[in-house]
Every structure is written in structure tokens, then in C-alpha cells.
Amino acid sequence: MKQQANAQPNYFGPFLTMVFLFLIVGFLTTANGQFQGPLKSAFLADAGQLRNTLATLITFSWFLAYPLCGNIGSRWINRHGYQGTLVRGLAVMVAGLMLFFLSSWVTLQFPEWNASFGQVQIPAGFFVFLAGSFVVGASATILQVVINPYLSACSVRGTQAIQRLAIGGTANSVGTTLAPYFVSGIVFGGMAMEDVHIQQLMVPFAALMAIVLVVTIVVKKLSLPDIQETRNAGGETLEKSVWSFRHLTYGVVAIFFYVGCEVCIGTNINLYVMEDLGLPISTITLMATLYWGGLLIGRLAGSSLRTVSPRTQLTFTTVMAALLVLVAIIINNPWVLVAVGLFHSIMWGAIFTLATDKLGKYTAAASGVFMIGVIGGAILPLLQGMLADWAGDWRWSWSLVFFGEVVMLLYAQIGSRHADSFEA
């Protein structure tokens, strides 16, 4: 018995690896969204009344990858294991960052390459950037299909699954908090939006490519123990569909609205402040940083909540977030929206924990299915941009976010309770 205990894998090192990778995913996700404002000025000056809709396509392209590539991540885990999937996901990320670099290069080298839609003129480089956004989003999808179940299943002394996910979420929030200043301060040097030049993208993304390439090589050489009980063995057929677990199905719906609401505030608040209120870029950057910083603080606090159930945490945070969004709409104040980040902080971990409860060997497949819901980060911000174009301002478009918070509250109180009556 003692010998068997000694043979247990040590997950502390792999746990730290997953936490670091979560930081990279958060950083790139938010950095991608922060390009909406600058690229709207640099690429979409001649887009007329479609400027908001086209700008939100940057976020749409990123999150479109989640439903399309989540199952790829699950299949790779079952075929190549967790470490092999991580390496392949990071390689995809390098390819996507190369496309970001090429979007600037194409625009500089071939300025005459434009797409015309009536009076609307769009440079070819914008479409290359959208392709890069999709590819890097695909890599983030694959990485999260690995990271989420690994953090949930790898046992580290003194922690429970939701705590480990909260710690990973904290690292994710460090990345999201740093990203706005990376975009506005390093890439664009703090200049006004109207002075942004697309060639400033080239050096930062070349540097990011080099960094991720080094990380890929390091991860390939690490010793990461597999977690066999969370995936079906090679050649084994699962007896039933993961969709037969209703608490998982409802969890996918909940995560659709969670990611959509999080991204709506995290990215579209820039357009809201810039278009409706005309505030300077320093204020826009501060708002985005405070929002993502609120997620960081909330996740730090959430990682210490050992005795509070995921259902209780999700109920409290969704009620508070819904109230804040409602107040922001009524008084038309974006600073109230910034405070929502504090309550968005632990929703992902709570929903994932409830949705994958007692799934056993279905966990890896369920993690891939779970990623389908992340398309909310593509659809809701795009719908909000369309609503803003239709209404002529952003104020009432935030009712979409309020509705999403209510849906998550219903999952906490009703949908997630199916997890108690199902077994893998």
C-alpha cells in the first residue's frame, strides 16, 4: 500500500505549467480584442456605418474557433495524450501569430489590395488579420481543452477542483490585465486612435512568435504525467453521447452566455467609450485594465473559497453582475460596467465544475463539447455591435449582457442540479 502511494504522480510541476499556459491564453485573447479599436481606425476608416460590425468581427473570428476546434482537441487528447496535444496546440498558435505579422506586411507591401462593398473599402490585410485571429483562437481552444480537465483532475494537496481552476483563472486574468497596456502602450505607443499605423504590429507579433516557439520547445521536453481516467483508452468506444448528461448540456448554454457577457464588456466597452462618450485612449485603457484586473482580484479571492460550493458562488456572482449591468444601462455609465469584472471572475470555474461533475472517462470528450459554448464570445459581441449600429449608440445594447447574466443565474439554480443525479 505504501509502495502504491509512493507511485502516485506528482502533479505540482504540471499544475504550474498549466497555470502558465492559462496566462498565455488570457493574454492573447484580450490582446486580440483590444485591437478592435485601433484596427477600426487603421483599417476601417472607409467602412461607413458598418465600422462597429466589422470591428467586432475580430472577436467573432477568434471565438468562432471554439465550436469548430473543440472536438479536435478532444480527439488529440485521446490519440496523443495531454502533452502531445499541448505541443500541437502551441504550434498552431505560432502559425496564427505569423498571420498577424503578415496582415501588417501585406498592407504595407500591397496597399492597392482592397475589397469593395459598395462605398465600403476594406484592405486585404484586415482579412489576413481575421484569419490569424481564427487560427490563434483555434490554438487557445485546443489548449483549454487540455488545461481545464487537467487542472480539475490533477490532485494537488490542499486544493479542490474549483480552487485549482480559480488559480488557473487567476493566471489567465494576469494575462488579460497586462494585455490592454501591451496593445496601447507597447504596440501603439499610447498614441491617439486616429494616429495608429498598422506597421506597428510587425515587431511585437514577431517577438510573440519567438516567445511561443520557445514555450513549445520547453513543453515538449517537460515530463507531464497523463490522467488516464479522464479520457477513453485508445480504441475504446464510449457507451453513450456526452450530450446525454443534461447538466453538461445546460452548462454549454451557460458558458455560451458567460463568455459572451465577459467579452462584450472586455472588448466592446472600448468602442462604447470611444464612440458614445469620446473619452481619450488613456481612459479607455484604464477601463479595460480595471475590468480585467477585477477578474484577477476575484479569482485570487475565489482560490481561497474551500468551503463555498460552486453553485452558491455562481448564484451570488450572477445576481451581483446582473444588478450592476442594469444600473449601468439606467445611468449610462461605463465605469459601473468595469465593476462587473469582479463578479465574472469565478463564473468559468463554477460552471465548468458543475457541468463536468461525475463524468469520469467522459471528461475529455465533455471538455471538447464544453468549448462549443465559448462561441458566445463570438456571437454576443457581434450582435451587440449590430445593435449599436442599428440604434446609433451603445447604451441599450448592454441589455444583451443583462439577459446573459440572468441565464447563468438560472443555470446555477436549476440547470446545474442535474449534476447531482447523473453518474458517468
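Laboratory data are not the source of any read-out in this text; all were calculated from the coordinates shown. Being a predicted model, the structure only gives us computed values, none of them experimental. Every residue, glycine among them, receives a Cβ derived from its backbone with ideal geometry; neighbour counts consider all protein chains shown.
Which of the peptides 307-318, 63-74 is most tightly packed, and how do the rest follow, going by the mean number of other Cβ atoms within 10 Å of each residue?
Answer by packing, highest mean first, reads 63-74, 307-318.
With both labels modelled 7 Å from their Cα along Cα-to-Cβ, the Val308 to Leu410 distance reads 2.5 nm. Couplings 3J(HN,Hα) of region 63-75, computed from phi: 7, 4, 5, 4, x, 7, 10, x, 5, 4, x, 4, 5 Hz, in residue order, whole Hz [Karplus 6.51 cos²θ - 1.76 cosθ + 1.60, θ = phi - 60°; x for Gly and Pro].
Full extension of the segment from Lys220 to Ala115, taken as 0.36 nm per residue of separation minus the current Cα-Cα distance, would add 33.7 nm. Electrostatic bookkeeping for Val319 treats Lys and Arg as +1 and Asp and Glu as -1; over the other residues with beta carbon under 14 Å from its beta carbon, the sum is 0. The value given for region 101-150 is a Kirkwood hydrodynamic radius of 12.6 Å, derived from the mean inverse Cα-Cα separation. Packing, as the average of other Cβ atoms within 10 Å across residues, places the peptides 292-298, 140-146, 210-216 in the order 140-146, 292-298, 210-216, highest first. Here the Karplus relation 6.51 cos²θ - 1.76 cosθ + 1.60, evaluated at θ = phi - 60°, turns the backbone of region 376-392 into coupling constants of x, x, 8, 7, 5, x, 5, 4, 5, x, 5, 4, 5, 5, 5, 7, x Hz, with x for every Gly and Pro. Taking 0.36 nm per residue of sequence separation and removing the Cα-Cα distance, the Ala207/Trp396 pair yields an extension gain of 64.1 nm.
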